[in-house]
1. Taking residue A:384 and the conditions (1) at pLDDT below 95; (2) within 21 Å of residue A:13 (Cβ to Cβ); (3) not aliphatic (A, V, I, L, M), which numbered condition does it fall short on, given that it satisfies the others?
2. Every residue in the range A:147-174 that is in contact with a helix residue (DSSP H, G or I) (Cβ under 7 Å, 6 or more places away or on another chain) and charged (D, E, K, R), please.
3. When you go through B:109, B:93 one by one, which is the residue that is within 14 Å of chain A (Cβ to nearest Cβ) and either in contact (Cβ under 8 Å) with a residue 24 or more places away in the chain or of a type in the set (D, E, K, R) (or both)?
4. If I filter the range B:27-65 down to residues being open to solvent by 20 Å² or more (accessible area, probe 1.4 Å) and among the polar types (S, T, N, Q), which single residue comes out as nearest to the chain's Cα centre (by Cα)?
5. Can you tell me which residue in the range A:200-232 is most open to solvent (accessible area, probe 1.4 Å), limited to those that are charged (D, E, K, R) and within 25 Å of the chain's Cα centre (by Cα)?
6. Look through the range B:67-78, keep the residues that are farther than 16 Å from residue A:206 by Cβ and within 8 Å of chain A (Cβ to nearest Cβ), and return whichever of them is least open to solvent (accessible area, probe 1.4 Å).
7. Just one of the numbered conditions (1) open to solvent by 10 Å² or more (accessible area, probe 1.4 Å); (2) at positive phi; (3) within 13 Å of chain B (Cβ to nearest Cβ) is not true of residue A:101; which one?
8. Does residue A:139 satisfy being closer than 15 Å to residue A:298 by Cβ and either modelled with pLDDT under 95 or within 14 Å of chain B (Cβ to nearest Cβ) (or both)?
Amino acid sequence: MKEVAVIGVGMHPWGKYPDKTFVDLGVTAANAALKDAGVEWKDVQSVASGVYQWGGGAGIVSGQQLAAQMGERGIPITNISNMCATATSAFRMACLEVIAGASDIALAIGLDMSPIGFLPALSEDPKDIDFLRWRMIGLTNPGYWAMECRKRMDMYGTTKIHLAKAKALTSKYGKLNPYARYKREFNIEEVLNSPVVCDPLHLFMICATSDGAAAAVVCRAEIAKNFQSKPVYVSAATLGSSLFGDPTARLGLLAAPAKQEAPLLSESVSAANQAYKMAGIGPEDIDFVELPDNSSWHYLQYIESLGFCGPGEADGMLDRGETAIGGKLPVCPSGGIGAMGEAVNASGLAQICELVSQLRGQSGARQVEGAKVGMAQTYGMLGNSACAILKV
Amino acid sequence: MSPESAQKKQVPTIGGLFTWPSSDPRLIGIRCKSCGTCSFPKTYIKHRPDCKQPELEEVLLSKRGKLSTYTVQHYPPPPTFKYDGDFAPYAIGEVAFPEGVEVFGIITGCKPEELKMGMNMEVIVEKLYTNEKGEESLTWKFRPVSK
Ligand SMILES: [Zn+2]
């Protein structure tokens, strides 16, 4: 994917904005990205917009709502729904527009106002498998994560201290990120003393839901320097789906295979492996990673699933400080989803924004020194996941 | 069961998930006759990617399985989940059945601290909540097998 560059990124700070609409947030992010890129709305030849699934009919065509406020111009707008992978899927779509030669300059946007508390069911239809888990079991998303976490603790000896440490570390970076919702440092004791939500996961080991929007402007690499003195290049932007025999307790399902024939989180492993192949590099070449730390279990598991160490070895990496800024593999220098809060349809592009900021050397006190290659990886609700590798 | 509750009409919250009425209720899964893949519920059909003759059959999962993992939910789920009275923390487990599928479900009949990974569990059908007609609305649950 050498022919695509990111020339601008922009965000609306993550938080809770009951007096705004998701479109308002999107317009702020889009304008910030256009300004950063040094281009105007009239220069954008296509838009890839993340579907805001809790936004009713308007949310399904989020890109059209955005265009209404930006000024309608008749350009192609693709609305993409892929749960946690939505925004990165929009980013990938914008890159593909450029690679296909359909657009010289494309805008990717994710915008979201996720419901407060546990993310709820999307229908009351018994034919919706996802509805069944809510109605028949009341199984929440953190419930699935807690069950996987308990397996991990049993298998590798991961302790609650590890789970608390992950939050304590990322919260340090969130405090330094002007776009993060929780700019507060947590210590290990506070995390361990927070209420149990889904045993063994405590409140501060699980991300909250947030409102937010993030956007990126991409263009043909040859013309990038006409707009941006520090372009960032797209080495890979991929989408992965699950493999048969993946034993993960997958969100939205009532069952999992008893016999393991594929890796845990195989959709994420698929996305990452495609990205390594496309970029022609391996995990050892990644300078830092924004991974989906929806819970402390994710933090540890994703370090392994993305190939940065072997099974059960992420705990040791965390203990030895290797995942801290300044360590071998800084993890979530933005503060991650733990500090941002999850805005399901926007979080992937927030990761892209962090990658660009780090690779340009513009991240201030949370800068990963000498960062040349960054990876952004999403979670995925019903077996989908997206990954991007960017470089300078 | 008290005499009153024995008289209350009992209805599955959603049909087709377990056999009912039954003195020995079972979860209803689905299996491919060709590639052997078994899944639950029967509307969620799965095949191996190279399966060429996807002919399906309903399959009743065994009464017993092993607890592979569990959690205790300490906060009420969103209102799609209905329950009688005040919310009380409850356990949810993943039970591995010999048919090759692991199913999630509410755990009943024991204290959370008595749960152990690998323990034997059995499928039962119990009240989830009392519906607007005063009937007991049922779901499947898992209970440790008493020795
Ligand atoms: Zn088959």
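1. (2)
2. Within the range A:147-174, A:148, A:152, A:160, A:165, A:167 qualify.
3. Just one listed residue meets the conditions, B:93.
4. Looking at residues that are open to solvent by 20 Å² or more (accessible area, probe 1.4 Å) and among the polar types (S, T, N, Q), I get B:62.
5. For the range A:200-232, the residue satisfying everything is A:230.
6. Across the range B:67-78, the extreme among qualifying residues is B:69.
7. The number of the failed condition is (3).
8. no
The values are calculated or read from the model by the stated rules, or taken from the named source; none is laboratory data. Since this is a predicted model, take the numbers as computed values, not measurements. Methodologically, a virtual Cβ is constructed for each residue, glycine included, from the backbone with ideal geometry; neighbour enumeration extends over all protein chains shown. What goes into the accessible areas is simple: the full protein's heavy atoms, side chains included, and nothing from ligands, DNA or RNA. Shrake-Rupley method; radii C 1.70, N 1.55, O 1.52, S 1.80 Å.
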